[in-house]
1. Does the stretch 367-377 include one or more residues that are in a helix (DSSP H, G or I), buried (at least 22 other Cβ atoms within 10 Å of the Cβ), touching a Gly at 6+ places or on another chain (Cβ under 8 Å) and at pLDDT 90 or above?
2. Which one is farthest from residue 510 (Cα to Cα), of the residues in the stretch 460-496 that are near the ligand (Cβ under 9 Å from one of its atoms) and not aliphatic (A, V, I, L, M)?
3. Might you check whether a residue that is within 30 Å of residue 161 (Cβ to Cβ), in contact (Cβ under 8 Å) with a residue 60 or more places away in the chain and within 16 Å of the ligand (Cβ to nearest atom) occurs anywhere in the stretch 414-427?
4. Within the stretch 392-474, which strands (runs of 3 or more DSSP E) (wholly inside it) include 2 or more residues that are buried (at least 20 other Cβ atoms within 10 Å of the Cβ), under 24 Å from the mean Cα position of the chain (by Cα) and at pLDDT 95 or above?
5. For the stretch 13-40, what are the residues that are under 27 Å from residue 76 (Cβ atoms), exposed (fewer than 13 other Cβ atoms within 10 Å of the Cβ) and of a type in the set (Gly, Ala, Ser)?
6. Residue check: is residue 87 touching a helix residue (DSSP H, G or I) at 6+ places or on another chain (Cβ under 9 Å), on the phi > 0 side of the Ramachandran plot and touching a residue at least 24 places away in the same chain (Cβ under 8 Å)?
7. Determine, yes or no, whether residue 344 is surrounded by fewer than 16 Cβ atoms within 10 Å (Cβ to Cβ), in a helix (DSSP H, G or I) and of a type in the set (Lys, Arg).
Amino acid sequence: MSFLAYLTLPVYGLILFVVYQYYRFFMKPKSQLAHYEKQGLPVIFAPFWGFLQGLTESVQKHKDIFYAWKQLNYMNPKPRAFASNLGATPVVALKDPELIKAFYMTQEKSYIKAPAACDVAKMILRNGTLLVDGNQWKAHRKLSNPLYSFDHVKERIPEIVAVTNKMLDKLKEKDLKKVNFMREMQHILLEITGKLFFDLELSSLSFKGDTVSGFVADLIDRSAVEALTPFTIFFSTDIVKTGIHPRHKALVKDINDLRGFLYGAAKAKLGEILAAKANGTATGKLPLLLEILYQQHQKLTEEHLDEVDLVDEFAMFTLGSMDTTSHAITFASYFHLNCPESQKKLPQEVNEIFKDLSQVSMDSLNKMDYMTAVLKETLRMAAPLPNFLPRQATEDHKLGDLDIRAGTIVVVAGVTNNFDPEYHDDPNTFNPERWLDEKSKTRQSTSKNAYISLPFSTGARSCSGREMGIALVRIVFGLFVKKFNYQYTDKNYEMVFTTKLFQEPLETLNYSLTPKN
Ligand code: HEM
């Protein structure tokens, strides 16, 4: 009897499974990457892990997740893009600003947000603007646009100043010897978001034994981490939703509970409004999101979202304003602390602008030239979303002369250009002055080609909350600098950058704070 005849069905099954996985994770991506290699792109293939392997090694060896990407700037010739893989899927990272421009022009037609990167976070945001595509995105963007408009942000400045001031005064009552800075910023920003959009004081509530902000921040981190585990890469992100693994089960439950909590809050607010309108006791203007909620409940608008959709948008504001902005402020605080010029100039400016809080307005905030330069330089050195969210091509198409195949994940490798000496002098140094000096290489190159530096993205899918985000950084970080001196609790602290959904510090950044008189 031959050897093969001894093998049973399960063994044949196992062999077939192994062969198929070898084909899926090794042969297929390699042959797909050959398509990009033929077009002159450097290819970095790593079985299964793909580009995540390079990022992990960069953190371990160089304390910077994008070290290897930044090194592309020193290759000769400098690549326009490079290709790698994520599990079985080819990935193309764009560096050449002309390719980036071509991508932005075709993104709505030929791409969706890559499910591998976005689907787990989508469990939290569901139909919130950031992660949906096509008509769903159009409806959400249209209905939420008034909330983000310049006029709306302008109108809400006094409220943002008042809430920030109150929260920073409350902070003084805490133990200031060791403050987890990013957490505090998330706490303040969530309070602002709650007040502005839902007239809720979220900082006074706790959720499952944590502050709401702490819980939301952890949940976002957990969902980002789950999206890229070996288990998820192997089975696809759908496996997380099934809750088979106990960690996934806990994540799904926490997401549902949080959404239930937000939905309950929205419902309760709507109930209050309806009752006040019915009794004729409604006074003053409603926060805009509540107004939209009310109008839609009364079907006063032609196109309307339902209450669940509005909770999605509330989750969106929470993520947008709490998390991206708290990351930006955390990075700014770190760079500011290490920059003698900024230490000298920024406090002077904030003391002047915030001398009389009742006078702070969009006009006065727009005079914060040094703060604006600090923010721009922070976003160059460490943007919360330096490469934006990965997209996946839905059809074969051309980006400039680059032939992209359907199914390829495309990333805008903005971080490479932010550190390219062709565009910035001394690119590894934090230097806000480069944004103030019209003749600096940075100002010259970015004014010639805006696609070099896009911390808020561009085009139809650019950040809706740009005006709000800039105002929040100016106010929250500005008032913080006015009210506190701060130092590292660990004198040797050096920020190591990593990414979850957003770029963030690998180790918690703790400061000791001293209130100023
Ligand atoms: C410094 C602060 C911020 C930065 C650096 C930032 C950056 C970005 C970036 C890069 C995107 C594009 C993501 C992509 O498509 O891959 C984006 C989208 C978005 N951001 Fe922001 N953001 C900030 C603050 C905010 C704030 C405060 C809000 C809301 C209050 C907000 C709401 C949004 C929304 C709704 C989108 C989705 C737009 C769409 O897909 O149509 N962002 N943001």
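The values are calculated or read from the model by the stated rules, or taken from the named source; none is laboratory data. These figures come from a predicted structure and were not determined experimentally. Counting neighbours? That spans all protein chains shown, and the Cβs are built from the backbone with ideal geometry, glycine included.
1. Yes, the conditions are met somewhere in the stretch 367-377.
2. Only one residue fits best here, namely 461.
3. Residues of the stretch 414-427 that are within 30 Å of residue 161 (Cβ to Cβ), as a first pass: none.
Checking the stretch 414-427: not a single residue is within 30 Å of residue 161 (Cβ to Cβ), in contact (Cβ under 8 Å) with a residue 60 or more places away in the chain and within 16 Å of the ligand (Cβ to nearest atom).
4. Details: elements: 397-399, 402-404, 409-412.
Once the strands (runs of 3 or more DSSP E) in the stretch 392-474 are filtered for at least 2 residues that are buried (at least 20 other Cβ atoms within 10 Å of the Cβ), under 24 Å from the mean Cα position of the chain (by Cα) and at pLDDT 95 or above, what remains is 409-412.
5. 40
6. Working: touching a helix residue (DSSP H, G or I) at 6+ places or on another chain (Cβ under 9 Å): yes; on the phi > 0 side of the Ramachandran plot: yes; touching a residue at least 24 places away in the same chain (Cβ under 8 Å): yes.
In short, yes.
7. Numbers: surrounded by fewer than 16 Cβ atoms within 10 Å (Cβ to Cβ): yes; in a helix (DSSP H, G or I): yes; of a type in the set (Lys, Arg): yes.
Yes; evaluated as a whole, the condition is true for this residue.
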